[in-house]
1. Among the listed pairs Lys149/Lys276; Lys130/Lys276; Lys149/Lys173; Lys130/Lys201, which have their C-alpha atoms separated by more than 32 angstrom in this model?
2. Report the paramagnetic label zone for Tyr66: residues of the range 187-203 whose backbone N is under 20 Å from a point 7 Å from Cα along the Cα-to-Cβ axis.
3. Any chance you could run the full-extension gain for Leu82 through His237? It's 0.36 nm times the residue separation minus the Cα-Cα distance, nm to one decimal.
4. What nm distance separates the two modelled labels at Ala160 and Val22, each placed 7 Å from Cα along Cα→Cβ?
5. Can you give me the relative contact order of the range 180-240 as a percent, contacts being Cα pairs under 8 Å and 6 or more apart?
6. Suppose each label sits 7 Å from its Cα in the direction of the beta carbon; what would the Val288-Trp197 distance come out to in nanometres?
7. Put a dot 7 Å past each Cα toward the Cβ at Ile58 and Ala217; how far apart are the dots in nm?
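The numbers here are math on the coordinates, done by the rules we state, and not lab data. In this text, all values refer to a predicted model and were calculated from it rather than measured experimentally. Glycine gets a Cβ as well: all are built from the backbone with ideal geometry, and neighbour counts include every protein chain shown.
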Amino acid sequence: MAQRPYLVGISLNLIFVLSELVFSKLANSTALFADAFHNLSDVLSLVIAWLAVLVFGIQATKNKTYGWHNVSILASIFNTVLLIFAVGTIFVEGFHNLFNPGDVQTNGMMITIVATIGIFVNLSTAALFKASGVPDEHGHHHDQDLNAKTAYLHLLSDAAVSIGVIIAGWLIKMTGIQIIDPIVSLIIGVVIILSAWPVMKETVTLAINGVPDAIDADAIYNYLATKTGVIALHDLHIWPLSTTETALTVHLTFEKDVLNQAHGQKLLDEIENTLKNDFEINHVTIQVEAEKNNENCNAI
């Protein structure tokens, strides 16, 4: 997997977060603090995702037959918890200042400069994740890696949040209404939750070994059930090995003549290649069963 987007993203966002925290205190801005805190959570999530990329390349052993690929799912779970914690902190700070508003220093130019830098940092880093793709162990590129997708969505949402910070600063300057600042911070929290909800839901799916969202389980079942020579199938299982790899096992019952003929192995190879190339299944295991007398077709 490509490490450059993670390293560049970590470096740029860490520098920006430190600068933003300083300016949020100088301006006494809750919205700017919320933006900085969420950016800090992004730095931590990028670090965890990067570490998952590092261990992804460790070779499998006899005790860890799938290697360390599952670490990418663990990283995604950690990042989800981190995101929830960050949003919770923003809500607590926002509600506190909503009912106990402070004196926000409305240096519109300072807030505009800081937030504009944030927009540039987030959009430029997001572009790296969008352009890089995610290569699997065979060198094929995919765009469904959950950690990369999470980073991409977070960075885009942060750019939108920075725009909100600019608007809040100038509205307070023009109106003098201090409550605008905590309101904007609460809106920021809602925006983050809404943008990250699909990824959070998919993370839970992977954590419980559910079928990844990118995999069409019904289409796979229909393909296997209607394949020439297959008269029954059962124990079809599809689960994630990592945020980019999917495994499948299935019991297929073939007609006797099919297994007895020389093209039986060719048929198995065709099924396996189709599952890999058309349905994005990386690891395929097929248990072959011969037709029995008066056997009925089985469902999953």
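1. Table pairs above 32 Å Cα-Cα are Lys149/Lys173.
2. Counting backbone N atoms under 20 Å from the label point, the list is 200-203.
3. Contour length minus Cα-Cα distance gives 52.7 nm.
4. If labels sit at Ala160 and Val22, their model points lie 3.1 nm apart.
5. Taking the mean separation of contacting Cα pairs over the length of the range 180-240, I get 31 percent.
6. 4.9
7. Each label point is offset 7 Å from its Cα along the Cβ direction, giving 3.0 nm.
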